[in-house]
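Asks: Structure below; questions to follow.
The values are calculated or read from the model by the stated rules, or taken from the named source; none is laboratory data. For clarity, every value in this text was computed on a predicted model and none was experimentally measured. FYI the Cβ positions are ideal-geometry reconstructions off the backbone, even for glycines, and counts take in every protein chain you see. Remember, those area values only see protein heavy atoms, side chains included, never the ligands or the DNA or RNA. Shrake-Rupley method; radii C 1.70, N 1.55, O 1.52, S 1.80 Å.
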Amino acid sequence: MPLGTYKEALSARSTDSKILDVSQDGGIVSALLCYALDEGIIEGAVVAGTPDEDWRPIPTVVTSADEVIAAAGTKYSMSPTLSALKEATRQYGLEKVGVVATPCQTQGLRKAQAYPFTRFVVDKIKLLIGIYCMENFPMASLDTFATAKLGFDSLTDATKMDIGKGKFWLTKDGEDSGLAIKETHGYEQAGCNICMDYVAEWADVSTGSVGSPDGWSTVLTRTDDGDSIFKAAVDAGLIETKPMDDVKPGLPLLEKLAKGKKDKNGKERENRAKLGLPLPVEY
Amino acid sequence: MKDRVVISPTTRQEGHAELVMEVDDEGIVTKGMYFSITPVRGLEKMVLSKAPETAPVLCQRICGVCPIPHTLASAEAIDQALGIEIPKAARLLREATLAAHNINSAAIHHFLVAPDFVPEELFATAVDSVSNIRKNVQYVVDMIAGEGIHPSDIRVGGMARNITPFTKERLIERMTALKSDLEAHIELIKNCVAESAEKMGIPKDLGVVNQPLLAVHPTYGVNEFDMDAFSEVLPEAWYDDPEVGKRGCSVIPLINGTNVETGPRARMEKFQGFKDKGVIAQHVARADEMLKNYDACLEALDAIDPAASARADYDPRGTGELGFGIIEGPRGTNAHMAKVEDGKIKFYSAIVPTTWNIPTMGPATEGFHHEFGPHVIRAYDPCLSCATHVMVVDDEDKSILKNEMVRI
C-alpha cells in the first residue's frame, strides 16, 4: 500500500477565492484550517510561514483565517514547524491545535503522542494535516537553483516557487523558469534519501497536488477525525470535490510516486545499512 | 534519666532528615536536633565557569518540589550580576508565576499533612480539593513559564516570551473561577487542623519559637541581601552532639549570629499582621497565605500588557559585582547569589528556605512530649534535597571532607 491507510481519496479545491488567489494548488490546507478555526475544532495552528518574503520558512502560530491565508503556499525549504508547538500550547494558550506537517514531522508527532515525553503539548493536537513531500532543500540549495542554475540575481527576485511536471519552477516578472528535477538531485537534505513516506501516512488528512489537475489537490482522509472534519468542510460548502476516477492523471500517478520513493529510498537504506550507518525506524 | 528518641528518616517531607530528641522521664523533649542526611546537591559548583544563562537551567534542578523559586532566584541573581533591568511585563509574568506556584506548593503540603489532620470521611474530599487547586494554578505556571515543573521560559533578561491577550484572558478567567474553590479549600484545611488538633490534644503553644523572622517580600522577592549580617557555621560547630554534628549535611546559616524562622508564617507575621505562633499557626498561616498569593497572581495577570516586550537585551559579560536573587518560595526565603566576569560565572551560592529553618526546627520540639515531634517538623514543610550543602566522604565514620571543600 504505497499510500498508507486511508478512508477516501478525492480531488478537491477550496471554494474561497481569497484562498485560491494565494494557495499553491487547491488551497485544501488553508480551507481546512479556516473551517476548523471557525468551528472551534482548533483554536490555532502551527504552520510554516514566510514572514520575510525571502522564501525562508519560519514556524508560525496562526489563530485567525487572515493569518492562515497570509501563511498559505508551499515552502520548499525546511521549516522546523514542530518547534513552535510549545509556544502555541503555552504563551498562545491554545488547548486545541492544528499542525501542518511534512511526512517526517508527522511521524515525529505521532511518536511523541505515543510516548509520555511531551506533557501538555502533543495531547493538544486536534488536527494534523500532512503534505506530500518527496524531498526538501536547504536554503543554500534554493539559492543555488536560483542564481547558479537559473541565472537569477537573487532568490528573492522569485515571486512564485513550485514543483510540477518534472521541474522545479521559479517565476520572475511573470515568467516561469524551470529546472529539471534531476538537476536538483544531490541538493536535497541527506535525510530525505532514506525517508519512505511520500504522502504523510500518519496524518489525519494528507494533501498535495499530485494526481489532480492544476488548481486542484488530491486529498486522502485517514483518521475518523480527519475524515469527519474534511467532510464537514465539504458539507459547509468551503471545499468542492470530484471523485479521483474522474480526474487526470488520477490516483495511479500518486501511487507511482509514493512507490517510487519507497523503492528508491529503500535501496538507499539497504546501502546505508551495509555500511553500518544508523537508520531511523520506519513504521 | 536522659533518653534519646530518634526518628530517622522523618516522613512526609521532601528529602531525608533525622530528628534526634533527648527526653526526660516523662517523655518531654529537653533537646531537639534536626539535621539533613541528604547527600550533597553540588549544583553551585557545576555552574562555575559556565555561561550565565546556564545557572537558571541547572539550578532549577536543585529540586522538583519548588523549582519555580529556584529558577526565579537564579535568574534574578544573574540578572543583577549582569546589570540587567528586566522589562515590566517580565516582572509581572514572574510574579504571577511565583504566586501561582506558591499556591500549588501549599496545596501539596496539605496533601502531605492530610493523614495528620483530615478525618477519614473527608479525606477524599480534601485530596480532590488539593488536586483541583493544583491543576488550576499549575496551568497558570505552564502557560506563562513553559512547564509547571522546571520552567523553560523564565530566562536571564526576563521571560522567553510574553503571553498573548487570548492567554491573559483565559488565565484570568480560570483563576477567577477558582476563587470559591480555593476559599472552600482553605476553610476545609483550617477546620480540619483546628478540630483534629483538639482531638489529638496538640498543645496550643506547640512549636512556638521566638527566633527572628526572615521574610523579604509578601509574595515575590528582592535583589538585595545584607551580607554583613549573614554568617554560616558548619554543623560540627552548631550541634552540641558531636555525632549529630558529624552527620549533619547542611551548613547552618545565621542572621546577626542567630538562627531564624522563615516560611509562610514568617511572611504573614511580617507583612500581613498575622500574630499567632507555633505548629497550628503555621498551618493556618500557610492556608491563609494561599489567598494572598491568589490576589497577587490575579493582580499581576491583570497588569500584564501582552503587547509589551518581556525580555531585555543584555551584555552577558557581567559586572563582576555580586548579584542577588532573593525570592520568597513556599517554604521561605530562597537566596541565590552569583558573580559573573568575562561572560562566565565566577561565584554561585544558594541558601535555600529549609536550610534557614533546620537549626530552628529541632529546638521547636523542646518542652513537649516527643510524640509531637513529627508534627513540629511537618509544620515547617521541610524540603531537604535543596537544603543540603556538605558531603559525607567517609562512610565509616561519616566525617565530611576538609572544611574548605564543603562550602558549596
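Asks: Give me the accessible area buried between chains A and B, both sides summed, with a 1.4 Å probe, in Å² rounded to the nearest 100. Could you put the intermediate results ahead of the total?
Replies: Numbers: alone 13490 and 16330 Å², together 28650 Å².
In total, this chain pair buries about 1200 Å².
Asks: Answer rounded, prolate or oblate for the stretch B:3-406, using the Cα gyration tensor with square roots of eigenvalues a ≥ b ≥ c: rounded when a/c is under 1.5, else prolate when a/b is larger than b/c, else oblate.
Replies: oblate
Asks: When DSSP beta bridges are limited to those with both residues in chain A, what percentage is antiparallel, rounded to the nearest 5?
Replies: Taking every DSSP beta bridge with both residues in chain A, the antiparallel ones total about 70 percent.
Asks: Now a separate question. Using r as the Cβ-Cβ distance of A:GLU53 and B:ARG317, and R0 as 51 Å, what FRET efficiency do you calculate, to the nearest 0.05?
Replies: For A:GLU53 and B:ARG317, the calculated efficiency is 0.90.
Asks: What Cys residues in the protein assembly as shown have no fellow cysteine's beta-carbon under 4.7 angstrom?
Replies: A:CYS34, A:CYS104, A:CYS133, A:CYS192, A:CYS195, B:CYS59, B:CYS66, B:CYS192, B:CYS249, B:CYS297, B:CYS383
Asks: While we're looking at this one, here's another question. Quick one: which residues, 5 or more positions from B:GLY15 or on another chain, have an amide H under 5 Å from its amide H? H modelled 1.01 Å from N in the peptide plane, none for Pro or chain starts.
Replies: B:LEU384, B:SER385
Asks: For the stretch B:246-263, what does the Karplus curve 6.51 cos²θ - 1.76 cosθ + 1.60, with θ = phi - 60°, yield as ³J(HN,Hα) per residue in whole Hz, taken in order and with x for Gly and Pro?
Replies: Coupling constants for the stretch B:246-263: 5, 8, x, 10, 10, 6, 9, x, 10, 10, 6, x, 10, 6, 10, 10, 10, x Hz.
Asks: Another question, if that's okay. Does the stretch B:190-349 come out rounded, prolate or oblate, given a ≥ b ≥ c as the square roots of the eigenvalues of its C-alpha gyration tensor, rounded meaning a/c under 1.5 and, failing that, prolate meaning a/b above b/c? Before the final figure, lay out each step's value.
Replies: On the way: a/c = 2.83, a/b = 1.22, b/c = 2.33.
Taking the square roots of the gyration eigenvalues as a ≥ b ≥ c, the stretch B:190-349 is oblate.
Asks: For chain A, what class follows from the C-alpha gyration tensor (a ≥ b ≥ c being the square roots of its eigenvalues): rounded when a/c is under 1.5, otherwise prolate if a/b is larger than b/c, else oblate?
Replies: Rounded, because the longest to shortest axis ratio a/c is under 1.5.
Asks: Can I ask one more? Taking 8 Å as the Cα distance limit and 6 or more residues as the minimum spacing, I'd like the relative contact order of chain B as a percentage.
Replies: Numbers: 896 pairs, mean separation 116.3, N = 408.
For chain B, the relative contact order is 29 percent.
Asks: Where both residues lie in the protein assembly as shown, what percent of DSSP beta bridges are antiparallel, nearest 5? Spell out each step's value before the answer.
Replies: On the way: 69 of 84 bridges.
Antiparallel bridges: around 80 percent, rounded to the nearest 5.
Asks: Now for a different question. For the stretch A:65-80 and the stretch A:214-278, what is the centre-to-centre distance using only Cα atoms, to the nearest Å?
Replies: Distance between centres, Cα-based: 20 Å.
Asks: Rolling a 1.4 angstrom probe over the protein chains, ignoring ligands and nucleic acids, what is the accessible area of A:GLU201 in square angstrom, nearest 10?
Replies: 30
Asks: Step through the table entries A:LYS231/A:LYS259; B:LYS45/B:LYS190; A:LYS86/A:LYS167; A:LYS126/B:LYS168; A:LYS111/B:LYS344; B:LYS88/B:LYS344, compare each Cα-Cα distance with 31 Å, and write down the pairs that go over it. Write down the numbers at each step before the final one.
Replies: Working: A:LYS231/A:LYS259 27 Å; B:LYS45/B:LYS190 42 Å; A:LYS86/A:LYS167 36 Å; A:LYS126/B:LYS168 22 Å; A:LYS111/B:LYS344 38 Å; B:LYS88/B:LYS344 27 Å.
With Cα atoms farther than 31 Å apart: B:LYS45/B:LYS190; A:LYS86/A:LYS167; A:LYS111/B:LYS344.
Asks: Report the local net charge at A:ASP123: Lys and Arg +1, Asp and Glu -1, summed over other residues whose C-beta lies under 11 Å from its C-beta.
Replies: Once all neighbours under 11 Å are counted, the net charge is +3.
Asks: What do you get for chymotrypsin sites (Phe, Trp or Tyr not before Pro) in the stretch A:1-103 restricted to DSSP loop and a cutoff of at most 11 other Cβ within 10 Å of the site's Cβ?
Replies: none
Asks: Where does the longest stretch of chain B lie that holds no trypsin sites (Lys or Arg not before Pro) found in a DSSP loop with 13 or fewer other Cβ atoms within 10 Å?
Replies: That gives B:3-203 as the longest site-free run.
Asks: Test of the criteria: in the stretch A:61-142, which trypsin sites (Lys or Arg not before Pro) are in a DSSP loop and have at most 14 other Cβ atoms within 10 angstrom of their Cβ? Each step should come with its number before you reach the end.
Replies: Values: sites: A:LYS75, A:LYS86, A:ARG90, A:LYS96, A:ARG110, A:LYS111, A:ARG119, A:LYS124, A:LYS126; in loops: A:LYS75, A:ARG90, A:LYS96, A:ARG119.
The qualifying sites are A:ARG119.
Asks: Another question, then. Quickly work out the B:LYS88-to-A:ALA236 label distance, labels modelled 7 Å from Cα along the C-beta direction, and quote it in nm with one decimal.
Replies: 4.0
Asks: For A:MET78, which sequence-distant residues (separation of 5 or more, or a different chain) have an amide H within less than 5 Å of its own amide H, given hydrogens modelled in the peptide plane?
Replies: Distant-sequence amide H within range of A:MET78: A:PHE137, A:MET139.
Asks: Per-residue ellipticity at 222 nm for the protein assembly as shown, helices alone: DSSP H runs ≥ 4 residues times -39500 (n - 2.57), over residue total, nearest 500 deg cm²/dmol?
Replies: -12000 deg cm²/dmol
Asks: Oh, and also: For B:SER231 and B:GLU371 in one chain, what is 0.36 nm times their gap in residues minus the Cα-Cα distance, to one decimal in nm?
Replies: Values: separation 140, 0.36 × 140 = 50.40 nm, distance 3.32 nm.
Result: 47.1 nm gained on full extension.
Asks: On the protein heavy atoms, probe 1.4 angstrom, tell me the percent of accessible surface of the stretch B:3-406 carried by carbon and sulfur.
Replies: Carbon and sulfur together cover 51 percent of it.
Asks: Also: Got a number for the accessible area of A:ASP235? Probe 1.4 Å, square angstrom, nearest 10.
Replies: Counting only protein heavy atoms, A:ASP235 exposes about 130 Å² to solvent.
Asks: Let me ask you something else. For B:ASP305, what accessible surface area do you get with a 1.4 Å probe? Give it in Å², rounded to 10.
Replies: 80
Asks: What net charge is computed for the residues neighbouring B:LYS168, neighbours being all others with C-beta under 12 Å from the C-beta of B:LYS168, Lys and Arg scored +1, Asp and Glu -1? Could you put the intermediate results ahead of the total?
Replies: On the way: positive: B:ARG170, B:ARG174; negative: B:GLU169, B:GLU173, B:ASP302, B:ASP305.
Counting the neighbours of B:LYS168, the net charge comes to -2.
Asks: Counting only heavy atoms of protein chains, what accessible area per residue, in Å², does the protein assembly as shown have with a probe of 1.4 Å?
Replies: Ligands and nucleic acids excluded, the figure is 41 Å² per residue.
Asks: Give the average, rounded to an integer, of partner chain Cβ atoms located within 10 angstrom of each Cβ in B:135-147. All intermediate terms of the calculation are to be shown ahead of the outcome.
Replies: On the way: counts 0, 0, 0, 1, 2, 0, 0, 5, 7, 3, 2, 5, 5.
Mean number of neighbouring Cβ atoms from other chains: 2.
Asks: Right, next: Using DSSP H assignments, which helices in chain B have an axial alpha-carbon span of 18 Å or above and a mean Kyte-Doolittle hydropathy of 0.0 or higher?
Replies: B:67-81, B:88-117, B:120-145, B:279-303
Asks: Between Rg and the Kirkwood Rh of the protein assembly as shown, both from Cα atoms, what is the Rg to Rh ratio?
Replies: Rounded to two decimals, Rg/Rh equals 1.08.
Asks: Where in the stretch B:145-229 are there GluC sites (Glu not before Pro) that are in a DSSP coil and have at most 10 other Cβ atoms within 10 angstrom of their Cβ? Present the calculation step by step, with values, prior to reporting the outcome.
Replies: Numbers: sites: B:GLU147, B:GLU169, B:GLU173, B:GLU183, B:GLU187, B:GLU195, B:GLU198, B:GLU224; in loops: B:GLU147, B:GLU224.
The qualifying sites are B:GLU224.
Asks: With a point put 7 Å past each Cα toward its Cβ, work out how far B:ASN191 is from A:GLU270 in nm, to one decimal.
Replies: Label at B:ASN191, label at A:GLU270, 7.5 nm between them.
Asks: Before anything else, pin down the relative contact order of chain A: Cα pairs under 8 Å, at least 6 apart, normalised by residue count, whole percent. Walk me through the numbers before you get to the answer.
Replies: Details: 545 pairs, mean separation 69.5, N = 283.
Worked out over chain A, it gives 25 percent.
Asks: Also, I was wondering about something else. Alpha carbon centre of the stretch B:322-354 versus the stretch A:119-184: separation in Å?
Replies: 50
Asks: With a sphere of radius 14 Å drawn around the Cβ of A:ARG269, what net charge do the other residues whose Cβ falls strictly inside it have (Lys, Arg +1; Asp, Glu -1)?
Replies: +1
Asks: Given Cα pairs under 8 Å that are at least 6 residues apart, what percent is the relative contact order of the stretch B:118-204?
Replies: This gives 35 percent for the stretch B:118-204.
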